[in-house]
Each structure stands twice: as structure tokens, then as C-alpha cells.
Amino acid sequence: MNLNLYGHDGAWLMVDCGVTFPKPGRVAADGTVHHRGEPPVQMADPAFIADRRDRLAGLIITHGHEDHVGAVPYLWPLLQCPIYTSRFTAEILKRKLAEFDLLHRVPIIEVDTGECRQIGPFNVQWLALTHSIPDPNALMIRTGQGNIFHSGDWKLDDEPLVGHGYSPNTFTTLAREGVAAMVCDSTNATVPGHSISEATLHRGLSEAVARAEGRVVVTCFGSNIARLHTLARIARQTGRYMGLLGRSLVNMTNAARAAGLWESGDQLIQPSHLGYLPRHEVLAVATGSQGEPRTALRRLAAGNHPDFELEAGDTVIFSARAIPGNEESIEALIRNLKALGVNVITAEDAEWPIHASGHPAQAELALMYQWIEPRIAIPVHGEAEHMEAHADIARSQGVPRAMVGRNGDLFMIRPVPGIRRQVVETGRLGWQKEELIRVD
């Protein structure tokens, strides 16, 4: 889950407001919420900023994943500030707020990529990056004391299939302006090399579906609209009909349609029709890749899904990675599927890639530090080992300082006690860059 606060000149800016799902055996405290029969969720404690909500200038949502947007319906009544986000993320947020009868109370301001907004004392620019969901944005947060680059979740995908791409020039330009600190995604900081492109998955998924003789069920993260487009094309190529099993998948595709991100040729059939089709004509996409309770795939494995029952010879494809902590739930789910005689294909089993991560591996992190040239690296969004590995990468790219913290830590970025600033001419083009000199 993500909830970040930036403080400057007596005001605060919040970036993201997400949830996480408690791991088995974890006892949740006050952050546990039950709503309309849904499983419990956990979120950050907002007490600090709720007590100062008159100084909260706004909330920015960088993209539409649950760990970045899911807590908004629960916490907004305590915050009561305007929300800034992209069109696609706004569509997702509106559907969540409507379930809580908050839709017409919450001011949502849609922002285009590249646009700048003055939010209290913060001048914020939305910057194009790629991720496993449409329209993710990094942020350049400018203040009179210094600038912060906040990456959000990202990868460098030259063929993202859906949504905007990215330009290296966007980030090298920021370096010329000067970046005091880079707050950056650490999820894959222990993974060598470069993440693979979403476009490379067509071959692996197509071959897996083409070889299957019975029904095919693919489970993936529902927010990955590009993956759904790929599966829809494969359904057409293999003579199958595609239907969606799970509310989150339906909500995401409806949001994509509303935002103009769903291809008109990608036709879906009602899930209730899937059970009446010949088995070799079915391609269902189901929620539950992490073994979550009450998801569509769990119900199929238990034989109690209302639309159809899996039979021996059917195939289930896991087009997703196991999020750390979910391994036991996924293994139990796979055992149940195999007990039914279902063929199971995971990313580890497939001959060709069937899943692409949405986060930067080590080569991408190194490249971003070369582009941005921040004075301070602040790794976030990962376990301790990921953030420490991230800090090592930053130092290897010449970043003078890396600050690794824990949830709830407060970092003072500017002004730095005992540091004097001076502006010098530097670089081949003679741009201005700020240098820090320790005063002893």
C-alpha cells in the first residue's frame, strides 16, 4: 500500500492512497475494514494528516492499482481535499466512490500527461512512463526549496500496447533543471537486466492457447488492459470466444472503454454464455491469480462457479507472477486445479514468456538515475532487501546520498542543516546546476 506526504511552506501534498490485503495469520489493527461482504483490507493510518486537513492542498493518484487508489473511498471523508489524476484512473476512482455514495462529493480533477498544476505551494508536472496499467504518471514536484522526482510504479517498455509511452528526453531535461531527491520504485531492484515488453507475450500465450484442447482459463492482474487486448486477439486467432469472470475485470474494461482505451474489435461475450459453448471455443479470463478467497478462479477450482465447471483436460494459464507472501495460497489453488484433472501452465513452465513485470529491473533503475541525476535517492515500494539493493544501484550511478527508511519515517530534504548552496555552470551545454557545499 502507498501513502506519501510532502510538506512545504506550511502545506502538505499527498501522493497515492492505497490498500493492501492482510497476509494469512496477520492480525490487522484499526486499518482493517470490512465492506459489503468483501475481504478485509489494510491501509495507512491517516491520523497525522487528518488532524491537519486544512493544510492538505490535494491528493494525487499516480495510477489505478489498488495499492495506490484503493483506500480513497475509506479515507477521503477524513481528508476532504481535491483529487488530481489521469482520465483512466479517474474512471476507476469514480466507480469505487459510487459504491460508497461519495461520487458527487469528491472533487476529481483530470490532468493530462505533461500538464503542470499549482497545488498550494507545490508546482506539479505529470510525466509519461509505462507500467502494467494504462496512463501511469511520474511526478516532478517543484518548490522554492528544491525539486522532487516521484516515480510512482514504472518500467521502460518501448512497446506498451496501450496508453502513452515515454521519452528519455523528458527525464534528461529534469536533470538540467536540478532534482534534489528521487523517490523511486524498488519492487524489482534485486532482478538483474531489463524487464521484458508487454508486446513480447503474444507468442507464449498464443501457443499455450492453441495447444489446449478443452476450455482455457487465463488468470492475470485485471488492471492489465494490454494483456486483455492480447488475449482478445488470441481468442479471435484461435476461434474462441472470450469472456471475463470477476467484478474487477469487468470494472477495468468498462473504465478502459470510457477512457477510449478499449479496441472496438475486441468483443466480449457474457460470462453466463460460456457454459453453453463447446469446450474448445471457450477462453475465459478470471480473477484470482494470487489465490485470493472468493475470486473467480478459486470458485472454479472449488466447483462452485455459477457460469461453468472445469473438467479434466481443461487448461488454466497463470499469466501473472506470485506476489511475495502469496506463494502458499497459489500452490494450494494449483493443487486443487490439478486434482480436477486440469492442465496448469505457470510462467515458470512456459516455453516462451507469458507474463511481463510492470516494475523496473536493475538496468532500468541505473538508466533512470543516469537520466535524472538526483542529489538524493529515496527508495520506496518494496521490502527492506529491495530498497537496500536499490540504494546500492543509486550509489553505483554516482548519487551522493541514498536514504532508506521504514514506514512512517520523515526525511528532511531541503534545506539541509550545515549545507550551503551555490549555483554553478556545468555540462556541455552550459546549463545551471545547483551544488551543495558542507559548512563546517
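Going residue by residue through region 70-80, is there one that turns out to be assigned to a loop (DSSP other than H, G, I, E, B) and within 24 Å of P160 (Cβ to Cβ)?
There is at least one residue in region 70-80 that is assigned to a loop (DSSP other than H, G, I, E, B) and within 24 Å of P160 (Cβ to Cβ).
Of the conditions (1) free of Cβ contacts under 8 Å to residues at least 40 places away in the same chain; (2) under 24 Å from S132 (Cβ atoms); (3) open to solvent by 40 Å² or more (accessible area, probe 1.4 Å), V344 satisfies every one except a single condition; which number is it?
Failing condition for V344: (3).
So the check is Cβ under 6 Å with 6+ separation or different chains; which pairs have a first residue in region 159-175 that's within 11 Å of I372 (Cβ to Cβ) and a second one that's open to solvent by 40 Å² or more (accessible area, probe 1.4 Å)?
A175/E373
Name the single residue, out of those in region 185-207 being assigned to a loop (DSSP other than H, G, I, E, B) and surrounded by 18 or more Cβ atoms within 10 Å (Cβ to Cβ), that is farthest from the chain's Cα centre (by Cα).
Of everything passing the filter in region 185-207, V191 is farthest from the chain's Cα centre (by Cα).
Would you check which residues across region 266-302 are open to solvent by 10 Å² or more (accessible area, probe 1.4 Å), farther than 22 Å from N326 by Cβ and touching a residue at least 24 places away in the same chain (Cβ under 8 Å) and list them?
Q267, L268, I269, Q270, P271, S272, H273, G275, L277, R279, H280, E281
Among the candidates P136, P160, which residue alone is open to solvent by 10 Å² or more (accessible area, probe 1.4 Å) and within 20 Å of the chain's Cα centre (by Cα)?
After applying the criteria, what remains is P160.
Within region 319-338, is even one residue open to solvent by 70 Å² or more (accessible area, probe 1.4 Å), in contact with a helix residue (DSSP H, G or I) (Cβ under 8 Å, 6 or more places away or on another chain) and either farther than 25 Å from E213 by Cα or not in a helix (DSSP H, G or I) (or both)?
For region 319-338, residues open to solvent by 70 Å² or more (accessible area, probe 1.4 Å), in contact with a helix residue (DSSP H, G or I) (Cβ under 8 Å, 6 or more places away or on another chain) and either farther than 25 Å from E213 by Cα or not in a helix (DSSP H, G or I) (or both): absent.
Do we have any residue at all in region 93-114 that's open to solvent by 10 Å² or more (accessible area, probe 1.4 Å), of a type in the set (S, T, N, Q) and out of contact with any Leu (no Cβ under 9 Å at 6 or more places or on another chain)?
No - not one qualifying residue is present in region 93-114.
For region 16-50: of the residues being modelled with pLDDT of 95 or more and more than 23 Å from the chain's Cα centre (by Cα), which is surrounded by the fewest Cβ atoms within 10 Å (Cβ to Cβ)?
A47
All but one of (1) closer than 16 Å to R211 by Cα; (2) over 29 Å from the mean Cα position of the chain (by Cα); (3) of a type in the set (D, E); (4) surrounded by fewer than 16 Cβ atoms within 10 Å (Cβ to Cβ) hold for E311, so report the exception by its number.
(1)
For region 114-170, which fully contained strands (runs of 3 or more DSSP E) count at least 3 residues that are touching a Lys or Arg at 6+ places or on another chain (Cβ under 9 Å) and over 19 Å from H381 (Cβ atoms)? Give the steps one after another, and end with the answer.
On the way: elements: 116-119, 122-128, 137-143, 146-150.
So the answer is 122-128.
So, T219, is that one crowded, with 23+ Cβ neighbours inside 10 Å, of a type in the set (S, T, N, Q), modelled with pLDDT of 95 or more and touching a helix residue (DSSP H, G or I) at 6+ places or on another chain (Cβ under 9 Å) or not?
yes
State whether the residues of region 355-373 include one that is open to solvent by 30 Å² or more (accessible area, probe 1.4 Å), in contact (Cβ under 8 Å) with a residue 12 or more places away in the chain, outside any strand (DSSP E or B) and over 30 Å from I413 (Cβ atoms).
Checked region 355-373: at least one residue is open to solvent by 30 Å² or more (accessible area, probe 1.4 Å), in contact (Cβ under 8 Å) with a residue 12 or more places away in the chain, outside any strand (DSSP E or B) and over 30 Å from I413 (Cβ atoms).
Could you tell me whether L201 is modelled with pLDDT of 95 or more and of a type in the set (A, V, I, L, M, F, W, C)?
Criteria met by L201.
In region 227-249, which residues are open to solvent by less than 10 Å² (accessible area, probe 1.4 Å) and in a helix (DSSP H, G or I)?
Those that are open to solvent by less than 10 Å² (accessible area, probe 1.4 Å) and in a helix (DSSP H, G or I): R227, L228, H229, T230, L231, A232, I234, A235, L249.
In the set R53, R87, which member is of a type outside the set (S, T, N, Q) and over 23 Å from the mean Cα position of the chain (by Cα)?
R53
Looking for something assigned to a strand (DSSP E or B), touching a strand residue (DSSP E or B) at 6+ places or on another chain (Cβ under 9 Å) and closer than 30 Å to E385 by Cβ - is there at least one such residue anywhere in region 344-354?
Checked region 344-354: at least one residue is assigned to a strand (DSSP E or B), touching a strand residue (DSSP E or B) at 6+ places or on another chain (Cβ under 9 Å) and closer than 30 Å to E385 by Cβ.
The values are calculated or read from the model by the stated rules, or taken from the named source; none is laboratory data. It should be emphasised that the depicted structure is a prediction, and the values quoted were computed from it without experimental measurement. Cβ coordinates were reconstructed from backbone atoms using ideal geometry, including for glycine residues, and neighbour counts include every protein chain displayed. Each accessible area value is taken on the protein alone, full model and side chains, heavy atoms only, with ligands, DNA and RNA left out. Shrake-Rupley method; radii C 1.70, N 1.55, O 1.52, S 1.80 Å.
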